[in-house]
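The values are calculated or read from the model by the stated rules, or taken from the named source; none is laboratory data. All figures in this text were calculated on a predicted structure; none of them were measured in a lab. Counting neighbours? That spans all protein chains shown, and the Cβs are built from the backbone with ideal geometry, glycine included.
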Ligand SMILES: Nc1nc2c(c(=O)[nH]1)N[C@H]1C(S)=C(S)[C@@H](COP(=O)(O)O)O[C@H]1N2
Ligand SMILES: [Mo]
């Protein structure tokens with residue numbers, strides 16, 4: 001038995017596809033560029049994953065402006081989320097093409113290959129990205145490496161697809177007027193002229209083109225509304241998709257709680273010392289050093305960010321105490337073991353006057369969940385490298 005699927009929606013056609021395509025053509029480059037920047041920002045970790053020839057020429061991530069990573073990460077994750085309805089609508093609009101035979105013409109076959117990379121790539125990026133921001137590491141591979149390699153597959157498909165389809169898109173957009181379309185009710189909705197995307201024997205319309213645009217646009221607005229609170233502190237209670245607590249502004253999300261860290265109580269008790277190599281300092285000794293206060297964001301690579309007021313000892317003062325006057329960088333170790341046990345800081349990240357080993361946040365001692373006895377906070381540094389429960393800092397001469 002042969003099953004024939006017939007695609008009969010009368011609004012499917014090159015114009016509608018091109019409208020969704022235009023939105024994605026404008027927005028996806030922002031997602032791509034900010035994503036690659038995030039890779040660079042995040043890449044200062046001690047052991048970068050091996051991605052072979054795909055490694056970007058990297059550079060030291062700046063410390064100014066302090067909100068830089070907050071911006072790139074927020075745009076990447078935020079736009080990535082709100083574009084999902086547009087991506088799905090675009091896929092829906094071209095779905096008949098996925099069921100046609102492989103073309104003989106080499107150029108057409110190349111286009112089909114680009115579609116596999118494009119569609120496979122974007123679905124892979126959406127799924128791994130969404131799982132990652134829900135902290136759901138179900139896949140048995142490194143998210144960081146996989147999302148990055150997936151991105152290049154998608155980028156290659158995207159560039160090829162745009163190069164091959166741009167003229168068609170422009171032509172299709174010109175074939176109808178958006179204004180006229182927005183005034184056309186359901187009763188007057190007709191198919192586009194014959195085309196491989198247009199159903200030859202359409203059903204009567206159940207939705208106008210403006211209705212379809214409104215549904216997709218409504219989805220975008222809804223997701224944006226559920227997402228802005230991940231970045232805008234005052235709106236945090238509205239961030240219903242945020243998996244790490246929505247308590248604002250009195251407290252801010254906790255990536256990993258003290259309980260989840262598995263650290264023993266006495267490891268951060270009265271016997272705790274900060275190990276600077278040459279010197280070991282108790283918390284009282286740290287608190288007796290000159291303190292500095294700075295308003296700095298924590299921007300988690302998983303999508304949320306928040307600005308708080310941090311007080312503690314400048315990292316460059318600690319370097320001087322450790323006897324390293326001109327530090328070229330620092331290796332930070334946590335009391336905790338596991339993936340967050342270590343972070344590497346560049347020279348600029350150590351020397352910035354707002355780079356702190358924080359003892360307090362918002363005028364009170366750090367809670368255990370936020371890294372008591374002491375934690376790192378550095379301008380524009382991805383949250384993941386702002387090590388909590390610091391045990392040792394090794395300043396490199
Ligand atoms: N030791 C340790 N430090 C850590 C983490 C951790 O799990 N363990 N999480 C990191 C991540 S991913 C982020 S976003 C920030 C979050 O800090 P917060 O929990 O105080 O908000 O801490 C970072 N420092
Ligand atoms: Mo994070």
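If you scan region 312-349, which residues turn out to be under 32 Å from the mean Cα position of the chain (by Cα) and more than 16 Å from ligand 1 (Cβ to nearest atom)?
313, 314, 316, 327, 328, 329, 346, 347, 348
For region 67-87, give me each residue that is surrounded by fewer than 20 Cβ atoms within 10 Å (Cβ to Cβ) and touching a strand residue (DSSP E or B) at 6+ places or on another chain (Cβ under 7 Å).
Across region 67-87, the qualifying residue is only 67.
Got at least one residue in region 308-319 being surrounded by fewer than 16 Cβ atoms within 10 Å (Cβ to Cβ), touching a helix residue (DSSP H, G or I) at 6+ places or on another chain (Cβ under 9 Å) and closer than 26 Å to residue 37 by Cα?
Scanning region 308-319 turns up no residue that is surrounded by fewer than 16 Cβ atoms within 10 Å (Cβ to Cβ), touching a helix residue (DSSP H, G or I) at 6+ places or on another chain (Cβ under 9 Å) and closer than 26 Å to residue 37 by Cα.
Regarding residue 363, is this residue in contact with a strand residue (DSSP E or B) (Cβ under 8 Å, 6 or more places away or on another chain), within 15 Å of ligand 1 (Cβ to nearest atom), assigned by TED's automatic domain parsing to the domain that holds residue 277 and on the phi > 0 side of the Ramachandran plot?
In short, no.
Any chance region 299-309 includes a residue that's in contact (Cβ under 8 Å) with a residue 60 or more places away in the chain and either away from ligand 1 (no atom under 13 Å from the Cβ) or within 21 Å of residue 281 (Cα to Cα) (or both)? Don't jump to the end; show me each part of the working.
To start, the set of residues in region 299-309 that are in contact (Cβ under 8 Å) with a residue 60 or more places away in the chain comprises 299-307.
Then drop every residue that is not either away from ligand 1 (no atom under 13 Å from the Cβ) or within 21 Å of residue 281 (Cα to Cα) (or both), which leaves none.
No, region 299-309 contains no residue that is in contact (Cβ under 8 Å) with a residue 60 or more places away in the chain and either away from ligand 1 (no atom under 13 Å from the Cβ) or within 21 Å of residue 281 (Cα to Cα) (or both).
Hey, residue 290 hits all of (1) away from ligand 1 (no atom under 14 Å from the Cβ); (2) surrounded by 12 or more Cβ atoms within 10 Å (Cβ to Cβ) but one; which does it fall short on?
Going through (1) away from ligand 1 (no atom under 14 Å from the Cβ); (2) surrounded by 12 or more Cβ atoms within 10 Å (Cβ to Cβ) one by one, residue 290 breaks only (2).
Does region 145-164 contain at least one residue that is outside any helix (DSSP H, G or I) and in contact (Cβ under 8 Å) with a residue 24 or more places away in the chain?
No, region 145-164 contains no residue that is outside any helix (DSSP H, G or I) and in contact (Cβ under 8 Å) with a residue 24 or more places away in the chain.
Would you check if residue 325 is modelled with pLDDT under 95, more than 16 Å from ligand 2 (Cβ to nearest atom) and either assigned by TED's automatic domain parsing to the domain that holds residue 233 or in a loop (DSSP other than H, G, I, E, B) (or both)?
So residue 325 fits the description; yes.
Which of (1) crowded, with 17+ Cβ neighbours inside 10 Å; (2) free of Cβ contacts under 8 Å to residues at least 40 places away in the same chain; (3) over 18 Å from residue 37 (Cα atoms) is the odd one out, the single condition residue 109 does not satisfy?
Condition (1) is where residue 109 drops out.
Take residues that are touching a residue at least 12 places away in the same chain (Cβ under 8 Å), within 18 Å of residue 306 (Cα to Cα) and within 14 Å of ligand 2 (Cβ to nearest atom) and tell me which of the strands (runs of 3 or more DSSP E) falling wholly in region 331-397 contain 3 or more.
Output list reads 375-377.
Could you grab me the full set of residues in region 168-180 that are over 20 Å from residue 87 (Cα atoms) and either in a helix (DSSP H, G or I) or not assigned by TED's automatic domain parsing to the domain that holds residue 123 (or both)? Walk me through how you get there before you give the answer.
Within region 168-180, the subset over 20 Å from residue 87 (Cα atoms) is 171, 174-177, 179-180.
Listed by number, the residues that qualify are 171, 174, 175, 179, 180.
On the basis of being surrounded by 20 or more Cβ atoms within 10 Å (Cβ to Cβ), in the same structural domain as residue 376 (by TED's automatic domain parsing), without any contact (Cβ under 8 Å) to a residue 60 or more places away in the chain and more than 16 Å from ligand 2 (Cβ to nearest atom), does residue 281 make the cut?
So residue 281 fits the description; yes.
So if I check each of 247, 231, which one is at pLDDT below 95 and touching a strand residue (DSSP E or B) at 6+ places or on another chain (Cβ under 8 Å)?
Values: 247 fails: touching a strand residue (DSSP E or B) at 6+ places or on another chain (Cβ under 8 Å).
Going through 247, 231 in turn, the sole match is 231.
Within region 295-322, can you find the residues that are part of a loop (DSSP other than H, G, I, E, B) and either within 16 Å of ligand 2 (Cβ to nearest atom) or under 17 Å from residue 371 (Cα atoms) (or both)? Before the answer, list the steps.
Step one: of region 295-322, the residues part of a loop (DSSP other than H, G, I, E, B) are 300-304, 322.
Across region 295-322, the qualifying residues are 300, 301, 302, 303, 304.
Applying the selection to region 366-392, what residues are within 8 Å of ligand 1 (Cβ to nearest atom) and surrounded by fewer than 20 Cβ atoms within 10 Å (Cβ to Cβ)?
Listed by number, the residues that qualify are 369, 384.
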